[in-house]
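K.L.:
My questions all concern the structure below.
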């Protein structure tokens, strides 16, 4: 039942991101600052990778039965993108929202983005609890090794681990 509350957070965050998108592209104009545009589009592309790569990774490594959704994993995945960050699709949502704020830096777009990023981050806690419920101590150990959403720290930790 608690996860249902968290699903409400991600639903609200998704609606806010759609509103943010509409404001950024149809109400306000994009930034005139080239650096913001380049950074915004770059982060947008990164969000696409974080959003879609898990579909293929979990299907390949997660023991998903044929015909089942990619989220119906039977094995915990801690390699590839999941060695860097525990929740890449949540990170994708946060990055997408950040990209919109950079592309169209108007206060309503930024305000909606800040709220949506906060809601997504809060929902990740529920996803971690689901991981613990499903995989137990293996997931707890994974949580100690891999950051929840900070993929930059995850890359640093991953590189350090590869050197050892």
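K.L.:
Quick one: how many residues across segment 23-80 are closer than 21 Å to residue 149 by Cβ and buried (at least 16 other Cβ atoms within 10 Å of the Cβ)?
P.N.:
Within segment 23-80, residues that are closer than 21 Å to residue 149 by Cβ and buried (at least 16 other Cβ atoms within 10 Å of the Cβ) number 18.
K.L.:
Provide a single number: the residues in segment 9-22 that are surrounded by fewer than 15 Cβ atoms within 10 Å (Cβ to Cβ) and either touching a strand residue (DSSP E or B) at 6+ places or on another chain (Cβ under 7 Å) or touching a residue at least 60 places away in the same chain (Cβ under 8 Å) (or both). Step through it out loud before you land on a result.
P.N.:
Kept after step one, since they are surrounded by fewer than 15 Cβ atoms within 10 Å (Cβ to Cβ), are these residues of segment 9-22: 11, 14-15, 18, 22.
From the residues that got through so far, the ones that are either touching a strand residue (DSSP E or B) at 6+ places or on another chain (Cβ under 7 Å) or touching a residue at least 60 places away in the same chain (Cβ under 8 Å) (or both) too are 14.
Result for segment 9-22: 1.
K.L.:
Next question. Test of understanding: among 131, 154, 136, which residue is under 27 Å from residue 12 (Cα atoms) and either without any contact (Cβ under 8 Å) to a residue 12 or more places away in the chain or buried (at least 17 other Cβ atoms within 10 Å of the Cβ) (or both)?
P.N.:
131
Here, each number is a calculation from the coordinates, and none is a lab measurement. All values derive from a computational prediction rather than experimental measurement. All Cβ positions, even for glycine, are placed from backbone atoms using ideal geometry, and neighbour counts span all protein chains on display.
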